[in-house]
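Shown next, in structure tokens, is the structure this report addresses.
No lab work stands behind these numbers, since they all come straight from the coordinates. Please read these numbers as outputs of a predicted model, since none were measured by experiment. Here the Cβ positions follow ideal geometry from the backbone for every residue, glycine too, while neighbour counts run over all protein chains shown.
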Amino acid sequence: MARATPPPEPRPIRPVPDLLRAARRGGFHHEVGFSIDAEHSGHGFCTVTGHVERRHLNINAVVHGGVYATILDTAMGGAVVSLLAEGETTATTSLYVEYLSAAREGDVLSARGDVLRRGRHIAFAEGTLLGADGKRLSQAHGTWYIWSRDPAPARARPRPAPRRPSR
């Protein structure tokens, strides 16, 4: 019996390479209340800023860690997007966040993401989240997979040898 061909893996849509246009387009970071600061972003780096509101707080009345992760992921991902060629797209494959200090309601947060290395299919980035006073609140690093417009032709995968029952 022939095996059915699996459906192709989902691919992210092509991001807007112009960070100013991307900032106006919005996205999850915008829904959370933060925005790309195109004036302080460029080739290989991206800045995301916003004010801490009550909705960003956890039960301890400090900013929820997921907010830090969202801001840092957006800044680092924006930095990677700024380096994409026509026909390429990207998505986060790993994200590691370190929480150094808590922010509170009313604070202004600013995250900067920088690409450390961009290869053919993988980019490495780091990010720093600062309070308005310049205090480092969090830091992160991650990897992004990069797809080309023309995917490589599918290769037949060798099937593993059948397992012999153990005695």
List the trypsin sites (Lys or Arg not before Pro) in segment 72-141 that DSSP assigns to loop (not H, G, I, E or B) and whose Cβ has at most 13 other Cβ atoms within 10 Å. Which are they? 104, 120, 135
With the 8 Å Cα cutoff and a minimum separation of six or more residues, segment 19-147 has a relative contact order in percent of 26 percent
Once you list every other residue whose beta carbon is under 12 Å from the beta carbon of residue 127, what net charge do they have if Lys and Arg are +1 and Asp and Glu are -1? -2
Can you give the charge dipole size of segment 19-147 about its Cα centre, rounded to the nearest 20 debye, using +1 on the beta carbon of Lys and Arg and -1 on the beta carbon of Asp and Glu? 100 debye
What translational diffusion coefficient, to the nearest whole µm²/s, does segment 19-147 have by Stokes-Einstein, given a Kirkwood radius computed over alpha-carbon pairs, a temperature of 20 °C and 1.002 mPa s viscosity? 148 µm²/s
